[in-house]
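Asker: Below are the structure tokens for one structure; questions will follow.
The values are calculated or read from the model by the stated rules, or taken from the named source; none is laboratory data. These figures come from a predicted structure and were not determined experimentally. For neighbour counting, all protein chains shown are included, and Cβ atoms are generated from backbone atoms with ideal geometry for every residue, glycine included. The protein model used for the area step is the full one, side chains on, heavy atoms only, and it has no ligands, DNA or RNA in it. Shrake-Rupley method; radii C 1.70, N 1.55, O 1.52, S 1.80 Å.
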Amino acid sequence: MTTSSPSAQRTPLASAIVLDAVRRIESAGPLDDQAELRQAFHTRSGRAEQVHERAWLLGERLGLPAELARWRHWSGWMVLGLALLMALAALATARTVLAPDRSINAVAAFVSLLGWHALMLLLWLLGLGWSAFGGGRGLASFSLGRVALAGAARLPVDRGPHALTLLRAGADVLQRARLWPWLTGALSHAIWALAFVVVLALLMFGFAFHAYRLTWETTILSAGFFQGFVQFTGALPALLGFPVPDAAAVQRVGNAGVRAWQEAASQREWAWWLIGCVTAYGLLPRGLLALLSWWRWRAGQSQLGQIDMADPYVQRLVHRLDALEPPPQVIDPERPFIPQELPTPIGVPGADGSLAVIGFELPPEIAWPVAGLPAGSLPAQRLAGSARERQNAIGQLAAARPQSLLLVLHAPSSPDRGIARFLREAARQAGRAALLLVTAGEPITESAGRRWHDWLGAEELGQVALLDSAAAAADWIASAHD
């Protein structure tokens, strides 16, 4: 048994079963998985995919995918074997009602061929309903499909040490996805359908080449009971085109049926009635249910790739995968500020007395323009601080080249690098610059004024005037003429 078997395909079902089997194996102690964990980390992107990949790599080392392939291979043979066994058992039971003179009790043959099938079908339906209401595997486990799966896992041919673990893992995975009854049902119905094919073939052969007499005998029941039984059970076969004995034919083959066997036409109707009943009540429902179960099984496999990320076992693996992440790298590191002298204006400033007034990142409660300030030669601007607004303002200053620049700031705010950067770029476009501190009506505190003053010194912007009132700003603007 090798893990490179071409039949060991990786499907969502196989991946989910291997993951559950590895979890069960590791419940006895963690496996050495450093190589598998790193390979899963580097070859898969999401954490769920990495957890599945790690389990699959460990499963290959333990031979789980190859064991799963062996399981699927032998399950097919188990289905065929059980189908043949059930067919032979049904026929053997039916032969118990065969009299030495080749007369067959028709009602007893009907019950012998279809009774065990009807009981098992009822149990499967009850189990399916119980499972739909969250009752676990329940009666759905009692099916030929489960027998086939369990038998294939326990066959000693090439069986690995984890065969039963894989069987339990598969049952739990399918039960959580509510697919267990549909898989076992598909196999069970397929077994019964194949069994009825064999039964019908042998019945056709027997009735074609041997002379059997179908009769009914009773001690306590009336002829009317058998007439009603034949008409009721023959209703569905009649819809399928099978001939059904009428009341007169039922009466003829009763307790006085010793003479009736000579009527070949009547016996043909009885033979076709029995064949029709096996077809309508045995082969047909089992075939349709096998197709339904297989369709539901195939449709539900899409959810098998999902993984419960809140499971403690998965959480431990996720934490170990997180530990493999490289430490975060700083793409744009903070560089220490190197004080610079205020740049000299480019070219000659504009006309004498030209003024630009800009409000920078002022809160909404600050009225604009600030009362008491003279109108500038440029329209007063109020910037919210976006990069585009700053660039536009710098562009306008570069075009106008004002003699004076007054930057209005909120006094309670803290100075930062954004203000320093804008002040340097804006002051470069003007002959001189000043900062006007304003508030929403309350006086400017001494601590706020001291903070801005110290900040200008730390930034080596001492040549920028610091003003604390509109009157002081008006005087500063007027001083440009001196």
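Asker: Return the equivalent ellipsoid semi-axes of the range 357-447 as a descending list in whole Å, where each equals the square root of 5 times an eigenvalue of the C-alpha gyration tensor.
Answerer: Values: eigenvalues 87, 44, 31 Å².
After scaling each eigenvalue by five and taking roots: 21, 15, 12 Å.
Asker: Ranked highest first by average number of other Cβ atoms within 10 Å, how do 208-214, 469-475, 186-192 line up? All intermediate terms of the calculation are to be shown ahead of the outcome.
Answerer: Values: 208-214: 13.9, 469-475: 15.6, 186-192: 26.3.
Put in order of decreasing packing, that is 186-192, 469-475, 208-214.
Asker: Quick check: residue separation of residue 43 and residue 386 times 0.36 nm, minus the Cα distance between them. What number comes out in nm? Each step should come with its number before you reach the end.
Answerer: Working: separation 343, 0.36 × 343 = 123.48 nm, distance 4.17 nm.
Contour length minus the Cα-Cα distance gives 119.3 nm.
Asker: Report the gain in length on full extension from residue 296 to residue 73: 0.36 nm times residue separation, minus Cα-Cα distance, nm rounded to one decimal. Could the numbers behind the result be given before it?
Answerer: Working: separation 223, 0.36 × 223 = 80.28 nm, distance 2.17 nm.
Full-extension gain reported as 78.1 nm.
Asker: Then there is this: Can you tally the net charge around residue 38? Count Lys and Arg as +1, Asp and Glu as -1, for every other residue whose Cβ sits under 14 Å from the Cβ of residue 38.
Answerer: Details: positive: 44, 54, 320; negative: 32, 33, 36, 53, 322, 325.
Once all neighbours under 14 Å are counted, the net charge is -3.
Asker: So if I restrict to the alpha-carbon atoms in the range 265-310, what is the Rg, and what is Dmax, the biggest pairwise distance, in Å?
Answerer: Calculated on Cα positions, Rg and Dmax stand at 20.4, 71 Å.
Asker: Moving to a separate point now. Suppose R0 equals 22 Å; then what is the FRET efficiency for residue 11 and residue 125 from their Cβ-Cβ distance, rounded to the nearest 0.05?
Answerer: On the way: r = 29 Å, r/R0 = 1.32.
After rounding, the FRET efficiency stands at 0.15.
Asker: Would you mind getting the accessible area per residue of the range 150-203, heavy atoms of the protein chains only, 1.4 Å probe, in Å²?
Answerer: Details: 2010 Å² over 54 residues.
Value for the range 150-203: 37 Å² per residue.
Asker: Same structure, new question: At a 10 angstrom cut-off on C-beta neighbours, averaged per residue, how do the peptides 377-384, 276-283 rank from highest to lowest? Please report the intermediate quantities before stating the final value.
Answerer: On the way: 377-384: 15.4, 276-283: 21.1.
Averaged packing, sorted descending, gives the order 276-283, 377-384.
Asker: Which residues' amide hydrogens lie under 5 Å from the amide hydrogen of residue 466, considering only partners 5 or more residues apart or on another chain, with H built in the peptide plane?
Answerer: Here 435 satisfy the definition.
Asker: If I model a spin label at residue 454 and residue 323 as a point 7 Å from the Cα along the Cα→Cβ vector, what separation in nanometres do I get?
Answerer: Going from the residue 454 label point to the residue 323 one covers 4.6 nm.
Asker: OK, next. Counting Lys and Arg as +1 and Asp and Glu as -1, what is the net charge of the other residues whose Cβ lies under 11 Å from the Cβ of residue 185?
Answerer: Details: positive: 146, 286, 296; negative: none.
Residues close to residue 185 contribute a combined charge of +3.
Asker: With label points built 7 Å along Cα→Cβ from the Cα atoms of residue 238 and residue 309, find their separation and express it in nm.
Answerer: That separation, rounded to one decimal, is 6.3 nm.
Asker: Using only protein heavy atoms and a 1.4 Å probe, report how much of residue 468 is accessible, in Å² to the nearest 10.
Answerer: 100
Asker: Want the number for residue 444 to residue 205: 0.36 nm per residue separation, take away the alpha-carbon distance, what's left? Display every interim value, and only then the final one.
Answerer: Values: separation 239, 0.36 × 239 = 86.04 nm, distance 11.22 nm.
My answer for the length gained is 74.8 nm.
Asker: Please list, in chain and number order, the residues 5+ apart from residue 408 or on another chain whose amide H is under 5 Å from its amide H, with Hs placed from the backbone.
Answerer: HN-HN under 5 Å from residue 408: 358, 359, 360, 436.
Asker: For residue 214, list long-range residues whose amide hydrogen, built 1.01 Å from N in the peptide plane, is under 5 Å from its own amide hydrogen.
Answerer: Amide H neighbours of residue 214, under 5 Å, 5+ apart: 104.
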